[in-house]
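Undergrad: Mind looking over this structure? Questions follow.
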Amino acid sequence: MPLALRSVVLLCRALRSFSVGVLAVALPFALEADGFGTGMLNIILAGGLGGASLQMNLIAPFVEGCGFRMLLSGFTSVMSVATLALACSRNRTVMVLAGFLGAVSLQPNISSQTPLEQTVIKQSCSSQEESSKYFTRYNQISVMSLALGSFVAGLQVSGGPREQIGFVAAILLAASFAYAVGSQPNSVLKAKASEGLLEMKQLPISQCRHRRRIFALAGLFSLDAFAGGLVMNSIVIHWLSVTFQASERELGPIFTLLGLITVPSLSVAHWLTRKFGDINTMVWTHIPSNICLIFMTMSPNLHWVFIFLVTRSALGSMDVAARDSFMMKVVDPCEQVACSSLIATARALGAVAGPLVCTLVWDWVSPGAPLVLAGCLKCAYDLMLLVAFGSVKGPEVDTTSAETGRA
């Protein structure tokens, strides 16, 4: 008997995140070996971001006709073919087109599959507690698979950079196959939809009853992503090197530990969400994390920086599963794909702008200024989120039906 679509989503999330981990290491080295600079990498990734944004925001009307299974399998197949083109071609135009058409990204959450996967998880759960549990599992699987992919790429067990990119294409093809044959057939999903268990009809953002709420969330989450772009790991590592003359040998184990801390912290966040709710968990774990970011710039030595980094890492990701669960909760079931798509696009655009602004602030003010700015912006985001959505209840809670939203 085929696995339920929710289980296949978790399996394929692991395969996609593992692929991203391998690609994040292999693609820069493959381009460098062929004489391409950082600019070519940025062009490919920018094209992938554009492709993913376009696909995510056009996908909602096709869910009812094509079904979740076909769309997930189709998008993953296209991504596999595009990745294979990156592995085989050294032509600039082909690589840029492959990046755009395949929505190639080095972030698992920026993909055409993400809105569909999040909608399936939310609608297949019978309660908010179950939804929170599965979103936590969804993100834990992603973090662990991403780290494993980067580790395997570093070992070079599948050959050089080009061979590793080909390996990624094969993994994505396997994920597409799992979506196609490993999940319940579309007729079962439509039967569930007729029973009110799975909403196949998805509205475009222009027809969503809660579009003002969706745009407000997208704006806030974009601000958070922009602030996060100011303090990407590569920027923090560069700041530590400049400020404390920290070596690669010192920083490598530290950032490996920071990645490992994230996984158990997501389980703690699930417990906090059950006790205090999504918004309280998001805000009151995020603010101390942001204060640690500011205090890092005042640290007298690397020892204190390490303490603040570990504390920030333990607290800083606790909002991820709560955020995914909350944004699915406060809209009607027929609006969930549009909501997830718009928010993912807004976060992606915000994250892209962050490093560009960081460069200006670093040069014009000081190397530590981006960290302070990011901490202040993130605290502002938390407080605005608390004020704007602290008392908001979703359609599930306020008993407003999705049918009213379609009227």
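Undergrad: Could you identify the single residue in R312, R347 that is touching a Phe, Trp or Tyr at 6+ places or on another chain (Cβ under 8 Å) and crowded, with 23+ Cβ neighbours inside 10 Å?
TA: None of the others qualify; the one that does is R347.
Undergrad: Quick one: in the stretch 221-253, which of the residues that are of a type in the set (A, V, I, L, M, F, W, C) and out of contact with any Gly (no Cβ under 9 Å at 6 or more places or on another chain) is modelled with the lowest pLDDT?
TA: Of the residues in the stretch 221-253, the ones of a type in the set (A, V, I, L, M, F, W, C) are 221, 223, 225-227, 230-232, 235-237, 239-240, 242, 244, 246, 251.
Restricting the remaining residues to those that are out of contact with any Gly (no Cβ under 9 Å at 6 or more places or on another chain) gives 236-237, 240, 242, 244, 246, 251.
On the way: V236: 84, I237: 76, L240: 86, V242: 84, F244: 87, A246: 77, L251: 70.
Across the stretch 221-253, the extreme among qualifying residues is L251.
Undergrad: Filter the stretch 67-115 down to residues that are charged (D, E, K, R) and within 30 Å of C334 (Cβ to Cβ), then give me how many there are.
TA: 1
Undergrad: Separate question: List the helices (runs of 4 or more DSSP H) inside the stretch 1-107, counting only whole elements, that have at least 3 residues being open to solvent by less than 30 Å² (accessible area, probe 1.4 Å) and touching a Pro at 6+ places or on another chain (Cβ under 7 Å).
TA: Ranges flagged: 5-33.
Undergrad: Now, a different point. Here is a list: S111, S126. Which entry is under 20 Å from P28 (Cα atoms) and in a loop (DSSP other than H, G, I, E, B)?
TA: Details: S126 fails: under 20 Å from P28 (Cα atoms).
Of S111, S126, the one residue that is under 20 Å from P28 (Cα atoms) and in a loop (DSSP other than H, G, I, E, B) is S111.
Undergrad: Among the listed residues S299, S313, S325, identify the single one that is outside any helix (DSSP H, G or I) and either modelled with pLDDT of 90 or more or more than 14 Å from L230 (Cα to Cα) (or both).
TA: Of the residues listed, the single one that is outside any helix (DSSP H, G or I) and either modelled with pLDDT of 90 or more or more than 14 Å from L230 (Cα to Cα) (or both) is S299.
Undergrad: Taking the conditions exactly as written (farther than 28 Å from W362 by Cα and aromatic (F, W, Y)), does F221 satisfy them or not?
TA: Against the criterion (farther than 28 Å from W362 by Cα and aromatic (F, W, Y)), F221 does not qualify.
Undergrad: Something else now. What is the residue count in the stretch 126-144 for residues that are open to solvent by 20 Å² or more (accessible area, probe 1.4 Å) and touching a residue at least 24 places away in the same chain (Cβ under 8 Å)?
TA: Of the residues in that region, 9 qualify.
The values are calculated or read from the model by the stated rules, or taken from the named source; none is laboratory data. Quick caveat, the model's predicted, so the values are computed rather than measured. FYI the Cβ positions are ideal-geometry reconstructions off the backbone, even for glycines, and counts take in every protein chain you see. Note: areas computed on protein heavy atoms with side chains; ligands, DNA, RNA excluded. Shrake-Rupley method; radii C 1.70, N 1.55, O 1.52, S 1.80 Å.
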